[in-house]
1. Using a basic spin-label model with each label point 7 Å from the Cα along Cα→Cβ, how many nm lie between residue 197 and residue 430?
2. Can you list residues whose amide H is under 5 Å from residue 281's amide H, if they're 5+ apart or on another chain and H is modeled 1.01 Å from N?
3. With the cut-off at 30 Å, tell me which of the pairs 170/203; 313/352; 240/372; 350/429 have Cα atoms farther apart than that.
4. If one computes the Cα centroid of region 276-310 and of region 218-252, what distance in Å separates the two points?
5. At residue 188 and residue 383, where each label point lies 7 Å from the Cα along Cα→Cβ, what is the point-to-point distance in nanometres?
6. Let me cross-check residue 400: its accessible surface, 1.4 Å probe, with only protein heavy atoms counted, in Å² to the nearest 10?
7. Calculate, for residue 230 and residue 550, the FRET efficiency according to 1/(1 + (r/R0)^6) with r their C-beta to C-beta distance and R0 45 Å; round to the nearest 0.05.
8. Would you check the accessible area of residue 88, probe 1.4 Å, heavy atoms only, in square angstrom rounded to 10?
Amino acid sequence: MSKITYDAKDIQVLEGLDAVRLRPGMYIGTTGQNGLHHILWEIVDNAVDEAANGFCDKIEITLHQDGSVTVSDNGRGIPTDIHPQLGVSGVEVVFTQLHAGGKFNSDNYSYSGGLHGVGASVTNALSRWLEITVCRNGKEYFQRFESNPSQDGKKIESGIPTGPLKEVGKSAKHGTTVTFLADDRVFTHGVMMNRVTIEKRVKELAFLNKGIHFVVTDERVLDEPTHEFKYDGGLVDFVKDMNSNKVIIHQKVMTYYAKNETLEMEFAFQYTNGYSENLVSYVNNIPTPEGGTHETGWKTAMTRVFNEYARSKNLLKAKDDNLLGEDFREGITAVLSIKMKNVQFEGQTKSKLGNIEAKTACEALGQEGFSKVLSESVKDAETIIKKSIASAKVREAARKAKEVTRQKNSIFNSTLVGKLASCTGRDAKANELFIVEGDSAGGSAKQCRNRRFQAILPLKGKPLNAERKRIDQVLANEEIRSIISALDTSIGEDFNIDDLKYDKIIILSDADQDGAHIRAILLTFFYRYMKELITQGHVYIGMPPLYRISKRDKVAYAYDDEELASLVEQFGRGYELQRYKGLGEMNPSQLWDTTMNPETRTLMRVTLDDVSSTEKIVSDLMGDQVDPRKEYIIQHADFNRDVDKTFDEFN
Ligand code: 1YM
């Protein structure tokens with residue numbers, strides 16, 4: 001290539017990558033931990049696509065001491081020949097052109113381009129340096145990119161090749177290896193990636209893409225640096241894993257795969273003796289916790305086929321009403337994974353599929369699929385239908401119970417709302433509800449709160465564990481009913497977020513075992529019956545301090561032992577130390593300063609980044625099998641930490 005054209009192309013390229021550096025948020029969401037990992041997933045996605053195309057079966061991720069990360073696959077290797085229009089190698093196009101992924105070869109089978117769908121060039125743009133080695137056609141090629149300050153020092157020029165792609169030797173292997181160091185001038189909170197985050201996602205990818213052998217190595221730790229993930233059963237293994245600590249009611253995990261001109265669909269499911277619906281869905285390997293058209297089509301197909309099947313086997317009689325979808329989904333653990341092009345995401349967190357054609361396609365493919373799996377396992381099918389019929393009966397009973405609750409909940413009934421100290425302001429967007437453990441802490445909270453926007457709901461006893469009860473029993477519990485009536489959103493299918501009376505729902509419980517239990521019970525209840533409260537970020541955990549340290553008129557609070565140690569050092573001799581065993585030991589003004597004053601308090605927002613692992617934690621901790629819970633508690637025997645750990649998982 002002539003030097004002139006190379007430069008000309010370069011200019012165009014620079015504009016693209018500089019835009020990424022100027023507004024990283026537009027491309028990777030945040031420059032915190034999420035965004036940092038996002039630039040790794042861009043690279044991994046390309047390797048996973050190569051595997052989905054059938055050219056690669058092993059992907060390795062290695063975290064190095066210095067914060068750099070290597071991703072390597074044994075695929076065909078990114079094309080090294082010169083791109084006819086752009087005049088540079090395929091490798092350089094992929095790493096310097098935004099959205100280069102699919103365009104290089106339009107008839108490839110690439111679903112890459114996740115939520116933001118921007119490709120490997122974004123990783124390059126946001127790295128201090130990036131090196132790539134490609135083995136292909138018996139040769140080994142190498143290229144390095146760097147982000148350095150411009151000559152005038154006014155900006156940073158991102159992802160500049162230090163030279164063109166070079167042949168550096170011969171190789172009998174084939175594949176792509178990329179190493180990069182995230183740029184600490186972009187990721188100012190640090191560039192060290194989190195092994196747990198990575199392994200969680202890799203495990204999920206391994207379930208979703210059966211047969212790929214993933215190897216994750218963390219060179220920063222001495223103990224067991226390498227973990228491997230490979231699931232030949234794919235979604236079937238995924239469902240088995242989710243159900244590993246539950247009681248299943250039939251052995252076989254039912255599964256189906258099919259494709260048509262719109263999309264590829266795969267699903268697997270198995271029923272437990274529980275009452276909740278655990279459906280996790282994915283589009284192009286991206287979780288869709290808000291659901292969308294694929295889920296709707298799939299559910300419609302399921303309801304129709306199951307009803308027809310029930311009638312054909314005379315389990316449902318001519319005089320009986322059809323069952324509802326929710327009856328058939330009670331106790332189900334299911335994974336639905338589709339792959340399609342040109343996806344459109346909608347919703348609060350852009351995690352809901354919007355493509356209308358996906359509904360029709362999933363309905364049609366689902367119909368074939370459900371008919372097939374039922375007819376192949378007649379015995380299991382009967383078990384499932386009978387369970388669903390029982391669920392319908394309970395639903396009918398629950399509807400009646402709910403009606404009673406509604407009447408009792410009406411404003412004319414003061415016993416329930418009586419405990420609630422509501423706030424005077426009517427702006428739901430500004431209002432906060434504190435759910436406080438214990439009457440005495442509740443009393444302090446009522447005294448010190450700002451009554452304009454802070455409402456207090458003290459809980460006397462422990463609320464009912466929603467995981468282990470049917471809806472009618474849950475609704476009979478007074479603590480639960482007072483929460484439902486305070487929030488005013490109703491629950492389950494009737495839940496309506498527009499009716500929510502508070503922007504923040506803050507759980508305030510003691511930093512001990514009982515407090516942890518109450519928090520877990522409340523979160524389980526919200527998760528099962530008011531999931532949107534969590535997905536839309538309305539639920540928070542208040543963080544009361546564990547210690548108060550004072551000396552003359554100097555006062556400070558410590559939230560853990562580490563913080564206490566450093567305060568003790570600061571205060572020197574002669575300080576007074578108080579350990580709070582519970583919220584009730586704080587006087588109102590201390591409670592206000594440490595836990596309730598928006599200016600000074602610390603809140604932890606509960607989010608649902610990863611629905612499937614939350615499912616597992618919730619059912620492990622709250623379900624009716626004792627062993628997994630025991631094991632979890634033994635593993636996390638320090639209860640102050642235990643609590644944090646639990647909510648880390650929620651976070
Ligand atoms: C460690 C990261 O990027 N692997 C990878 C990427 C590609 C290919 C193979 C590939 C794709 C195609 C043809 C095709 C990519 N190629 C492109 C582009 N691993 C990693 N392995 N030959 C090889 O899609 O037709 C983008 S990604 F655009 F150059 F084809």
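1. 3.5
2. So residue 281 has HN proximity to 288, 336.
3. Cα-Cα > 30 Å for 170/203; 313/352; rest within.
4. Taking the Cα centre of each part, region 276-310 and region 218-252 sit 23 Å apart.
5. 5.7
6. 120
7. Once rounded, the FRET efficiency stands at 0.20.
8. 10
The values are calculated or read from the model by the stated rules, or taken from the named source; none is laboratory data. Here the structure is a predicted model, which is why all the values come from computation and not from measurement. Every residue, glycine as well, gets a Cβ built from its backbone with ideal geometry; the counts of neighbours run over all protein chains shown. We work out accessible area using only protein heavy atoms, side chains counted, and drop any ligands, DNA or RNA first. Shrake-Rupley method; radii C 1.70, N 1.55, O 1.52, S 1.80 Å.
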